[in-house]
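The values are calculated or read from the model by the stated rules, or taken from the named source; none is laboratory data. Small disclaimer: the values here were computed from a predicted structure and weren't measured. Methodologically, a virtual Cβ is constructed for each residue, glycine included, from the backbone with ideal geometry; neighbour enumeration extends over all protein chains shown.
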Amino acid sequence: MDTLLEVLATPRFELALVEPPQSATPNDDEKDAVGPLREEALAPSESQQKLVGVIPRDPERPGTRGLTEVACCSSALGSSKPQEEPEYLRSWSHGFEASSDTAQASDRGPSQRMLKAAARPNPSVALTRPPGDLESRLLALANQHHLSETRTSPRLLDQVRIAIRLRHYSPSTEQAYAQWVRRFILFHEKRHPRELGSADIERFLTHLAVDRRVSASTQNQALNALVFLYREVLGMDAPVLAEIVRARKPRRLPVVLTQDEVRAVLGQLQGSSWLVAALLYGSGLRLLECLTLRIKDLDFAIHEIRVRDGKGRRDRVAPLPKKLVPPIRSHMERVEAMHREDLQRGFGAVTLPGALDVKYPRVSRSWSWQWVFPATSRYHDPDARTERRHHLHETAVQRAMKSAVANAGITKPASCHTLRHSFATHLLGAGYDIRTVQELLGHHSVRTTMIYTHVLNRGGLGVRSPLDE
């Protein structure tokens, strides 16, 4: 039994399901090449399918043509008494298939090139299923062993990335989850997560909170990554994660700039950084939503910006300030000139969402799909084997914003996202409905938008202090 499985599942054999040969009488050359054959195996019924061995054409022997014959199990096992074969072996056969372009057959046996070609995994390889429970189990074990020998399973981090991409999570989520899984494994001295339990997860989270002094949101992000690892990748559910306690996030108010402070910050910026910051404040966009805008997303006729694939994979509409239309048009003229120069040099393609480049191969070079804020230099895309131009990186705008806040003399810890907070707060202060502001910001719940009602420029909760009376 073990010998049979070793022969069936050996990686140097590729098994193929083909129809048996029509001729039942091999010539002398074929007999010398194939060896002893069973006469009854050469004439199966029409409904019976066999696994056959393919002997390729030998380039060194012009008279030897490629032939296909049935190699019986007794010949493969080296048995000299085919009549003593068990009954369950007589109803099916096995062999190997080798391409005539990559393998040779000679009197000295298979060459190294043939073995390398036969060792390649073939997803179409499968043994036929003979009648009977015993034969079915044998074939299932042989196929499983053959596939395990020729295919290596992906690493754990690759499995995490595959599971994340299967659910269409954002690239930032994929990067964060993979990093937390890696840190979790290194913390436990490279032990596999299957060997760890809820106590080990709690030790890691305690290390983050006590030793590393991370915030509650960071600790919860690490926990979310581990929950995803155990539930979605390893298939281990509640028994491992039932006792894990989440950190309670403190309630904090957002940092908001006044309109004079916003004008002071914008006065310290220039170029693309100024235009990006003006859109963050004038349209309420997130930084990455602004940087990933494409030419087709701007509608100057109705002064509208269409945000594609925003946070939560939701699209929305944002206002385009009329004051920004002339500078945006001037900026787009410079971008279009740079795009024409890239096309003349054989480049000009950008990355497209999903598999859109497969459906429309030429659309990646069209003007409408180009970035509104492209990077100043190209990068080499190893998948496409060409140079592309990415959008402006967020760190470039963040550094410019930090310097502008310092040069404006503002002591508030303002960042690029502060301009979005200021947009919502100033709209509410101007009397706009909170549901309208919620739609403009793209919040899933109005409770998220209600936090801006606590930071309006009316003092604490809109109450006048008695000292001012």
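Structure above, values below:
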| item | result |
| --- | --- |
| Test result for Thr418, surrounded by fewer than 18 Cβ atoms within 10 Å (Cβ to Cβ) and among the β-branched types (Val, Ile, Thr) | no |
| Qualifying residue in segment 408-423 (condition: without any contact (Cβ under 8 Å) to a residue 60 or more places away in the chain and not in a loop (DSSP other than H, G, I, E, B)) | no |
| Qualifying residue in segment 261-282 (condition: part of a helix (DSSP H, G or I), polar (S, T, N, Q), closer than 26 Å to Leu428 by Cα and touching a residue at least 60 places away in the same chain (Cβ under 8 Å)) | no |
| Scan of segment 203-216 for residues that are more than 17 Å from Leu186 (Cβ to Cβ) and part of a helix (DSSP H, G or I), ordered by number | Ala209, Val210, Ala216 |
| Residue in segment 292-304 that is exposed (fewer than 15 other Cβ atoms within 10 Å of the Cβ), among the β-branched types (Val, Ile, Thr), touching a residue at least 24 places away in the same chain (Cβ under 8 Å) and not assigned by TED's automatic domain parsing to the domain that holds Ser215 present | no |
| Search result, residues across segment 368-393 that are in a helix (DSSP H, G or I) and buried (at least 16 other Cβ atoms within 10 Å of the Cβ) | Trp369 |
| Looking only at segment 337-353, and only at residues there that are within 31 Å of the chain's Cα centre (by Cα) and surrounded by fewer than 17 Cβ atoms within 10 Å (Cβ to Cβ), the one that is nearest to Leu441 (Cα to Cα) | Pro353 |
| Every residue from segment 172-213 that is acidic (Asp, Glu) and within 23 Å of the chain's Cα centre (by Cα) | Glu174 |
| Flag if Arg248 is closer than 30 Å to Phe423 by Cα and either surrounded by fewer than 11 Cβ atoms within 10 Å (Cβ to Cβ) or aromatic (Phe, Trp, Tyr) (or both) | yes |
| Number of positions in segment 440-456 that are in contact with a Lys or Arg (Cβ under 7 Å, 6 or more places away or on another chain) and under 14 Å from Leu285 (Cα atoms) | 1 |
| Condition met for Glu333 (outside any loop (DSSP other than H, G, I, E, B), among the charged types (D, E, K, R) and surrounded by fewer than 11 Cβ atoms within 10 Å (Cβ to Cβ)) | yes |
| Residues of segment 431-449 that turn out to be in a helix (DSSP H, G or I) and either in contact with a helix residue (DSSP H, G or I) (Cβ under 7 Å, 6 or more places away or on another chain) or buried (at least 18 other Cβ atoms within 10 Å of the Cβ) (or both), as a count | 8 |
| Residues satisfying the stated conditions in segment 368-411, i.e. over 18 Å from Tyr281 (Cβ atoms) and in contact with a Leu (Cβ under 9 Å, 6 or more places away or on another chain) | Trp369, Trp371, Pro374, Ala375, Thr376, His391, His393 |
| Yes/no for His339 being outside any loop (DSSP other than H, G, I, E, B), under 15 Å from Ile295 (Cβ atoms) and in contact with a helix residue (DSSP H, G or I) (Cβ under 8 Å, 6 or more places away or on another chain) | yes |
| Sole exception among (1) surrounded by 15 or more Cβ atoms within 10 Å (Cβ to Cβ); (2) more than 29 Å from the chain's Cα centre (by Cα) for Lys311, by number | (2) |
| Within segment 405-428, considering residues that are touching a Phe, Trp or Tyr at 6+ places or on another chain (Cβ under 9 Å) and of a type in the set (Gly, Ala, Ser), the one nearest to Gly310 (Cα to Cα) | Ala424 |
